[in-house]
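Worksheet for the structure shown next.
The values are calculated or read from the model by the stated rules, or taken from the named source; none is laboratory data. Since the model is a prediction, treat every value here as computed from it, not as a measurement. Cβ placement follows ideal geometry from the backbone for every residue including glycine, while neighbour counts extend to all protein chains displayed.
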Amino acid sequence: MKYKDLVLIFTIAAVIPPSINIAQAQAEETKPVEEHNKAMEEAATVGVAADEGRQLDMFRFSLRMEKLDFIKKAMKLPPEQEKKFLDQYYLYDTELKKLNDQRLATISDYAAKIDNIKGDEADKLIKRVFNFRKQRTALLEKYYGKIAKATSKTIAARFVQVESILQGTSDVKIGSSLPLMPE
């Protein structure tokens with residue numbers, strides 16, 4: 001299939017921060033929430049797996065960690081506020097990963113069917129894209145409120161700004177890389 005690598009390309013584009021030199025994260029004493037710890041443990045076990053699905057999961061996890069480093073640096077929070085922020089961010093990131101899994105499934109379906117997409121199938125795929133965007137916006141709004149309550153409205157607004165930049169960047173990368181629907 002001529003588009004078999006599309007899924008990997010779009011996965012990378014979906015979570016890569018803007019082209020900025022991101023230094024290695026320094027060791028921190030902030031404990032991630034339980035779900036985030038679970039995700040880290042699952043990703044650690046992926047290291048020896050040989051199948052592409054596991055490698056993709058490990059790669060996505062690595063990119064999420066780079067994104068976390070970028071967000072921490074962009075937020076520039078004092079340690080006490082950073083801990084409160086990160087407690088909410090880890091929950092947000094876990095839910096966002098589930099949404100991105102849906103997006104990846106849509107892209108996979110698109111790549112598998114690209115040469116034969118007709119009316120109803122095109123409609124179903126686009127409706128899945130709209131649904132993803134609605135859910136992602138609702139998730140960001142939900143965590144704006146949670147972060148504002150845990151820290152401040154200013155910190156929460158800054159987070160929405162940073163996250164919106166990252167989402168916009170990934171949307172442009174994905175959108176500009178996707179082949180258009182056939183005529």
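What to note about this one:
- The condition of being surrounded by fewer than 14 Cβ atoms within 10 Å (Cβ to Cβ) and either closer than 14 Å to LEU180 by Cα or in contact with a Lys or Arg (Cβ under 9 Å, 6 or more places away or on another chain) (or both) holds for only one of LYS118, LYS127, LYS134, LYS98, that being LYS118.
- Lone unmet requirement of (1) among the hydroxyl-bearing types (Ser, Thr, Tyr); (2) more than 23 Å from ILE165 (Cα to Cα); (3) under 17 Å from the mean Cα position of the chain (by Cα) for THR137: (2)
- Flag for PRO32 being touching a Phe, Trp or Tyr at 6+ places or on another chain (Cβ under 6 Å), at pLDDT below 55 and of a type outside the set (Gly, Ala, Ser): yes
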